[in-house]
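Have a look at the structure below before the remarks.
The values are calculated or read from the model by the stated rules, or taken from the named source; none is laboratory data. Just so it is clear, the model here is predicted, and its values are computed rather than measured. Because the Cβ atoms are built from the backbone with ideal geometry, glycine has one as well, and the counts that use them run over all protein chains shown. Calculation scope for accessible area: heavy atoms of the full protein, side chains included, ligands and nucleic acids excluded. Shrake-Rupley method; radii C 1.70, N 1.55, O 1.52, S 1.80 Å.
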Amino acid sequence: MQYMFLIYVDEDLEAGRSEEEFNKLFQEYSAFDEEAKAKKAVLSAAALQPASMATTVKVRDGKTVITDGPFAEAKEQMGGYYMMECENLDEAIEWASKIPDSKYGTIEIRPKLVFE
């Protein structure tokens, strides 16, 4: 089964990291990526630009409304994702607990909806 792992982080915390802290986190992500790829679990993954770079699009009454910035003000913003193949939710939870930002933010796991 495929699961999406949405990584939510506090961008203020991210911005306040020292170079040493950033490098340590980067190394932890590299190790996680290597492990997940070796087990052929990762289908795709990406880090995202900060929420301040977001553009929000809505169509209301046939009119497109575009807003710069995030959809909602929140303490944590989506900073990236993994799409992974897992046997079940237990395995997905195990992988989520290994994502380095699980120690600082929140990892939301959602199964992919499959249309028959």
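Quick notes on this one:
- Highest mean first, the peptides 87-99, 38-50, 54-66 sorted by other C-beta atoms within 10 Å per residue fall in the order 87-99, 38-50, 54-66.
- Relative intensity, log₁₀ I(q)/I(0), of the chain from a Debye sum that treats every alpha carbon as a point, q = 0.14 Å⁻¹: -0.68
- Summing Lys and Arg as +1 and Asp and Glu as -1 over all other residues whose Cβ lies under 14 Å from the Cβ of residue 103 gives a net charge of -3.
- Structure note, pairs 24/75; 58/112; 24/103; 40/112; 37/75; 37/98: Cα-Cα distances above 20 angstrom occur for 24/75; 58/112; 37/75.
- Our helix-only sum for the chain, with -39,500 (n - 2.57) per DSSP H run of n ≥ 4 divided by its residues, gives a mean residue ellipticity at 222 nm of -9500 deg cm²/dmol.
- More than 18 angstrom apart: percent of Cα pairs within the stretch 2-47: 40 percent
- Highest-first arrangement of 78-85, 9-16, where packing means the average Cβ count within 10 Å: 78-85, 9-16
- Percent accessible area from carbon and sulfur atoms, the chain, protein chains only, probe 1.4 Å: 54 percent
- DSSP-defined antiparallel bridges as percent of all bridges, the chain, nearest 5: 100 percent
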